[in-house]
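Only one structure is covered here, and it is reproduced in the block below.
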Amino acid sequence: MSIFLAALLGLIVGSFLNVCIYRIPRRENIVFPPSHCPNCRQPIKPYDNIPLLSYLLLRGRCRGCGGRIPVRYPVVEAATGVGFAAIVGRYGINSSSLLYLIFFSVLLVLAFIDLEHQILPDVITLPGIPLGLLLGLLLPQARFLSSALGLLLGGMLFYLVAFLSRGGMGGGDIKLAAMIGSFLGWQRLLLTIFLATFFGSLIGLSLLATGLKSRKDPIPFGPFLSLGAFLSFIWGDSLIGWYATFLR
Ligand SMILES: [Zn+2]
């Protein structure tokens, strides 16, 4: 039951995350004015703003102008619903799951902004770094040291990669890695980087092989870091435990 409610809450929060994804890179206020159609700027009526359902009922078009509503809207709403359900299913309802709900929402917004604009805005990543440290202090299981090490390790590793690849890795990725380290601690940061590299290579190579992208097209790494971080805090313990069985 709580997982079902978490999924419903996720759909509603996802609708707000869509607003953030659209407005933050455009430097618009995320609260005011209320949602409007990106094509005709008409305000969206509350009954047309029901997550997923409205998109299906309106067949992906604005009621006012008939312009296409990007498929990103229902995708983000559904992904937030699934993510929230997974977090509550894994952690129950407590201070940890609240932290992960917020952290997941931030990661999702960053991933989709990076996909569309190839940027990871400082207004999100920079405050996220001290926030992760602060939560490391406040949470019952003291993880402050691990958070601080995660911050340093993430920042330094990605700074090194950015330096060696001469621009292949952006400054935004450095700050995102530092933020993930400060939220998850150094152990899960390493798992995040491993998963992100794995999925990034897999998708990158498939895009090249199918000719959808050429070598010159930039493939943003932020979405893979976000996905890796999500998988680490949902299945990190089982993944690390599974890996450790090979080392015995
Ligand atoms: Zn419209």
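Of all the listed residues (R90, R72), the sole one being within 24 Å of L133 (Cα to Cα) and of a type in the set (K, R) is R90. If I filter the range 178-237 down to residues being assigned to a helix (DSSP H, G or I) and of a type in the set (S, T, N, Q), which single residue comes out as most open to solvent (accessible area, probe 1.4 Å)? Filtering first and then ranking leaves Q187.
If you go through the range 103-123 and keep only what is farther than 15 Å from N18 by Cα and touching a helix residue (DSSP H, G or I) at 6+ places or on another chain (Cβ under 9 Å), you end up with F103, Q118, I119, L120, P121, D122. A residue that is within 16 Å of the ligand (Cβ to nearest atom) and in contact with a strand residue (DSSP E or B) (Cβ under 7 Å, 6 or more places away or on another chain) can be found somewhere in the range 44-51.
Take the conditions within 17 Å of the chain's Cα centre (by Cα), surrounded by 13 or more Cβ atoms within 10 Å (Cβ to Cβ) and in contact (Cβ under 8 Å) with a residue 12 or more places away in the chain and apply them to I3. Does it pass? Here the answer is no, as I3 does not meet what is asked. If you go through the range 50-60 and keep only what is open to solvent by 60 Å² or more (accessible area, probe 1.4 Å) and under 26 Å from the mean Cα position of the chain (by Cα), you end up with I50, L53, L56. Within the range 70-97, the set of residues being without any contact (Cβ under 8 Å) to a residue 24 or more places away in the chain, crowded, with 17+ Cβ neighbours inside 10 Å and either under 30 Å from L137 (Cβ atoms) or within 16 Å of the ligand (Cβ to nearest atom) (or both) comprises Y91, S97. Of the listed requirements (1) in a loop (DSSP other than H, G, I, E, B); (2) in contact with a Pro (Cβ under 8 Å, 6 or more places away or on another chain); (3) open to solvent by 40 Å² or more (accessible area, probe 1.4 Å), P25 misses just one: (3).
Look at the range 25-48: where a residue is closer than 20 Å to V123 by Cα and a partner is of a type in the set (A, V, I, L, M, F, W, C) and in a loop (DSSP other than H, G, I, E, B), sitting 6+ places away or on another chain with Cβ atoms under 8 Å, you get P25/I119; I30/I24. Taking S54 as the residue in question, decide whether it is within 16 Å of the ligand (Cβ to nearest atom) and closer than 13 Å to F16 by Cα. Against the criterion (within 16 Å of the ligand (Cβ to nearest atom) and closer than 13 Å to F16 by Cα), S54 does not qualify. Would you call S15 among the small types (G, A, S), exposed (fewer than 15 other Cβ atoms within 10 Å of the Cβ) and away from the ligand (no atom under 12 Å from the Cβ)? Criteria not met by S15. Right, Y22: free of Cβ contacts under 8 Å to residues at least 40 places away in the same chain and under 18 Å from A229 (Cβ atoms) or not? Here the answer is no, as Y22 does not meet what is asked. Given the structure, is S146 surrounded by 15 or more Cβ atoms within 10 Å (Cβ to Cβ) and closer than 17 Å to W235 by Cα? When the stated conditions are applied, S146 does not pass them.
The values are calculated or read from the model by the stated rules, or taken from the named source; none is laboratory data. Predicted model, so just to flag it, every value in this text is computed and none were measured. Glycine also receives a Cβ, built like all others from the backbone with ideal geometry; neighbour counts cover every protein chain displayed. SASA here: full protein model, heavy atoms, side chains in, ligands and nucleic acids out. Shrake-Rupley method; radii C 1.70, N 1.55, O 1.52, S 1.80 Å.
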